[in-house]
């Protein structure tokens, strides 16, 4: 057992011990508390977690989108050998415009409503990452020569690649004239115009309907393959994470609590939080679904001591309240931040399986599979409680 | 015969579109266009579909927030399509609604206690009984008296939704209209709320109309399911049947598009039939079958004739020509029902699942960067084209 963070083999983006806090009138909100993650070249990595777990803040800190103050950021962000945190703004902008791009959550509000889609795309193609272009230079390149026409051609090409229906007309349309799915396609096209190496996608497509979302995910698959992109994806939907990613980081309360290859993580989730989350997802097959995790995400003004999940954890004991658990690597790709997996620590519980956690949480019966649904009590909380007693007694 | 609590027949809600200098009605948005269903007392009926399919409009029309432009609504034996003031009064104490956004449905300037008192006040519950009732209700939704003097902004989303539910059941209604009650919440909280709703149904004998776009939730929660598309129900029947053997191409597409988290569910889904394009505008509904513009099976007959409900093999009611005997032979391509795994796993389903499983292990073993699911999705597409 070693305590190294599991790291991608050939990392394009590495985040090391990132801390993000915010000064506010009520005090200091300690939101992201030591996040380390890495995205390998050609890898699709997902950060999954519930609302308020610090996923988007992490992403914004990586891209320097938070103004300091009120934000207070510490830690290291390395992109392909370059330390981003202390890079001059000009150079960072260039890097951000050319080699990384970002797709935001809400497709409708991410486009400027006062410009046509074409103008926005062509400007990105021509001036992406060059915020230092002077007015004369801008006017010359925009109105003289054939650079603009070439950029327009490139934008059109990109719209075709994202399977936009009727791309010529869309170029001259305003964002309000497009549907959500079309706006999302425009945003993806815009993100890929300058051939980035890293794509950061924040809840891509979650604002869309399930059939449209499906189309967008399909498109994204193809684009990732065709452009050989490395992707850092942020989502709260574990189903989506499973569909696209190679590796998953599960975030809770501003910390990474578990990481592993997608298949492993879903087959045998390790951290009690991940287990609770996986068990709470309603199943299409109508299997029983756990009753959910008690409580809610922590207040960052006064986060719980020790392990931040301990107020909601069915396996919490004294040790959890005092010491922050270390990231325990189980092999070179999986890691879990929980004392139950720490050999040096003598925990009163065994390492929990998904089933253990499910029975502790209590379940809601899947009604459609049972013929005699009326006779069955809806909530089988009794059995869950009795297991708790048994386990505690056994120790 | 079971006791029908709510009976909706051919419900129509057309919103006029005004235009021109004289603001004359130039067009109609046909949000709900002939919806019929009934709910037995104590049962849960789910209404599912994409945004813009008219689900919420149905609920709002039933409770009287919109006036129906056609059809009838029968509630507990009374016709409430065009309710009189007395009827409205009676209706509102027997039927309540829980809205999607827990935050905006609570008055930010009222404490929880006050918010909960208002419905009782208007229903004429004597003042001395109210406090006790509120405590009981808070207890019922697994909160306590500590919350009485809190303001909505002090509560989390899940707690607010509990308050909303408590408020809705405070006047002991028979029917609850749940309009996406959990879609603003996270999964771990969503499971809690669903558990609570199930418990309340058992204890109080409530009847639910559950509106959602999250299909996997319905599977666990509803007795009957109706799939809506562009203001019409396309398929309706027992939840198990609809999920087991979805017949309508739209239901199949909806089900196959859900991102799931286990291999069993992956095998359970119908074969992927991605839909082209987007939902058309309800101002300009396609002729014939309204789904035909996106349907992978559509033929000429779909454009000419509007399908009516047919049953197929005693299963759910389906609004699709494919299952209509009158049009047998017109379709050279029909949904393949054998690829859907039934509970025990049919022979085809079994092999399909095994294949998928092997493929995953092979890929992950030989190449650590392989993406099992993406590979599988591609395979599905290849077999289809």
> Taking the convex hull of the alpha carbon atoms in chain A, what volume per residue do you get, in Å³?
Replying inline: 166 Å³
> What's the center-to-center distance, using Cα atoms, between the stretch A:250-327 and the stretch A:74-104 in Å?
Replying inline: 31 Å
> So what's the back-of-envelope 222 nm ellipticity for the protein assembly as shown, counting only DSSP H runs of four-plus at -39500 (n - 2.57) apiece and dividing by all residues, rounded to 500?
Replying inline: -10500 deg cm²/dmol
> Label points 7 Å out from Cα along the Cβ direction at residue A:226 and residue A:17: separation in nm?
Replying inline: 4.3 nm
>> Full-extension gain between residue B:74 and residue B:21, please, as 0.36 nm times their residue separation minus the C-alpha to C-alpha distance.
In response: 15.1 nm
> Given C-alpha coordinates of the stretch A:9-154, what is the ratio Rg to Rh with the Kirkwood estimate of Rh?
Replying inline: 1.02
>> If each residue of separation counts as 0.36 nm, what is the full-extension length gain between residue A:91 and residue A:173 once their alpha-carbon separation is subtracted?
In response: 26.2 nm
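Ranking A:28, A:79, B:243 by Cβ neighbours within 10 Å, fewest first, what do you get?
Going from least to most buried by this count: A:28, A:79, B:243.
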> To one decimal place, what orientation-averaged projected area in nm² is obtained for the convex hull of the Cα set of the stretch A:313-359?
Replying inline: 3.7 nm²
> Using the C-alpha gyration tensor of the stretch B:219-258, what are the square roots of 5 times its eigenvalues, in whole angstrom, with the largest one first?
Replying inline: 15, 12, 9
> If you build the Cα gyration tensor of the stretch A:174-264 and take the root of 5 times each eigenvalue, what three semi-axes come out, in whole angstrom, biggest first?
Replying inline: 24, 16, 12
> Relative to the present Cα-Cα distance, how much length would full extension add between residue A:347 and residue A:66 at 0.36 nm per residue of separation?
Replying inline: 97.2 nm
> Stokes-Einstein at 20 °C, 1.002 mPa s, Kirkwood radius from Cα pairs: D for the stretch A:195-339 in µm² s⁻¹?
Replying inline: 126 µm²/s
> What is the distance, in nm, between label points placed 7 Å from the Cα along the Cα-to-Cβ direction at residue A:76 and at residue A:149?
Replying inline: 5.1 nm
> Using a simple spin-label model with points 7 Å from Cα along the Cα→Cβ vector, what separation in nm is obtained for residue B:283 and residue B:85?
Replying inline: 3.8 nm
> What is the Cα coordinate range of the stretch B:10-129 on the first, second and third principal axes, sorted by size from largest, in whole angstrom?
Replying inline: 55, 37, 31
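What is the order of B:236, B:7, fewest Cβ neighbours within 10 Å to most?
Going from sparsest to densest Cβ surroundings: B:7, B:236.
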> Roughly how crowded by other chains is peptide B:95-108, in terms of the mean Cβ count from those chains within 10 Å of each of its Cβ atoms?
Replying inline: 0
> Looking only at A:114, A:46, A:235, which one moves most when chain A is put into a Gaussian network model with springs between Cα atoms under 10 Å?
Replying inline: A:114
> Fewest to most neighbouring Cβ within 10 Å: what's the order for A:227, A:319?
Replying inline: A:227, A:319
> If you take the beta carbon distance between residue A:83 and residue A:268 as r and set R0 to 41 Å, what does 1/(1 + (r/R0)^6) give as a FRET efficiency, to the nearest 0.05?
Replying inline: 0.70
>> Compute a Gaussian network model of chain A, connecting alpha carbons closer than 10 Å, and tell me which residue from A:102, A:144, A:232 fluctuates the most.
In response: A:144
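Mind checking the alpha-carbon convex hull of the protein assembly as shown and giving the volume per residue in Å³?
200 Å³
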>> Can you compute the FRET efficiency between residue A:140 and residue A:305 using 1/(1 + (r/R0)^6), with r the Cβ-Cβ distance and R0 = 60 Å? Round to the nearest 0.05.
In response: 0.50
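Taken together, the values in this text are just the output of simple stated rules run on the coordinates, not laboratory data. Bear in mind that the values here come from a model prediction, so they are computed numbers and not experimental data. Note that each Cβ is placed from the backbone with ideal geometry, even for glycine, and that neighbours are counted across all protein chains shown.
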